[in-house]
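Working notes for the structure below.
Readers should treat all values here as calculations from the given coordinates under stated rules, not as data from a laboratory. Remember, it's a predicted structure, so these values are computed and weren't measured experimentally. Heads up, the Cβs are rebuilt from the backbone with ideal geometry, glycines too, and the neighbour counts pull from every protein chain shown.
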Amino acid sequence: MRVFIQVLTTTETKEQAQRIARHLVEEKLAACVQITDTVESTYFWKGKLVEGSREYHCLIKTREDLFPQVETAIKKLHTYETPEIIAVPIVKGSKDYLQWLDDNLAGKS
C-alpha cells in the first residue's frame, strides 16, 4: 500500500522556496509544492530567543518511500544550518487526487 506524506520546511526567501520546489517537482520527488506567504516564527537558536523571524512555508506532497531523497535534496539546496524538515502522514484524500499524486512521482513504492 502506498503511503503519502506531506513534508514541511521553511526558507528565508521566496526565491529559495521556489528553487527547492522546482527541483523536487522536476526530479519527481514531489508531485506538488505549495509555498505560502511569509509566516512568523519564534524559536531558540544557539541559546538566543529569536522572535518575529519571517519565513516562507513549503508544503511538499510526496510518498513516504521518497522521504530520504526529499530530505537530502532540501539539505543540499537549503541555506539554513539546521532546516526544518518534518513529515506528516496524509491520512485520507480523494482517490482521484492521490492517484494523480502517485502518477507524478518517481518510481512506484
Long-range amide H partners of GLU84 with built H, under 5 Å:
THR10
Between VAL39 and GLU64, what is the spin-label point distance in nm, taking each point 7 Å from the Cα along the Cα→C-beta axis?
2.3
Determine the sum of side-chain charges near ARG54: Lys and Arg each +1, Asp and Glu each -1, restricted to other residues whose C-beta is under 9 angstrom from that of ARG54.
-3
When we measure straight from the Cα of LYS48, which lysines land under 24 angstrom away, once same-chain ones fewer than 8 places off are left out?
LYS75
Anchor LYS76: aspartates and glutamates whose Cα lies under 18 Å away (excluding residues fewer than 8 positions away in-chain):
GLU12, GLU15, GLU26, GLU27, GLU84
Under the Karplus curve 6.51 cos²θ - 1.76 cosθ + 1.60, θ = phi - 60°, whole-Hz ³J(HN,Hα) for region 81-97, x wherever Gly or Pro sits
5, 10, x, 5, 9, 10, 10, 10, x, 8, 6, 9, x, 5, 4, 5, 5
Once you've got the GNM for the chain with C-alpha springs shorter than 10 Å, pick whichever of GLN18, GLN99, GLN69 has the biggest mean-square fluctuation.
GLN99
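Tell me the net charge near TYR43. Cut-off is 14 Å between Cβ atoms, TYR43 excluded, with +1 for each Lys or Arg and -1 for each Asp or Glu.
-3
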Which aspartates and glutamates does LYS14 reach when only Cα atoms under 12 Å apart count, and residues fewer than 8 places away in its own chain are ignored?
ASP37, GLU55
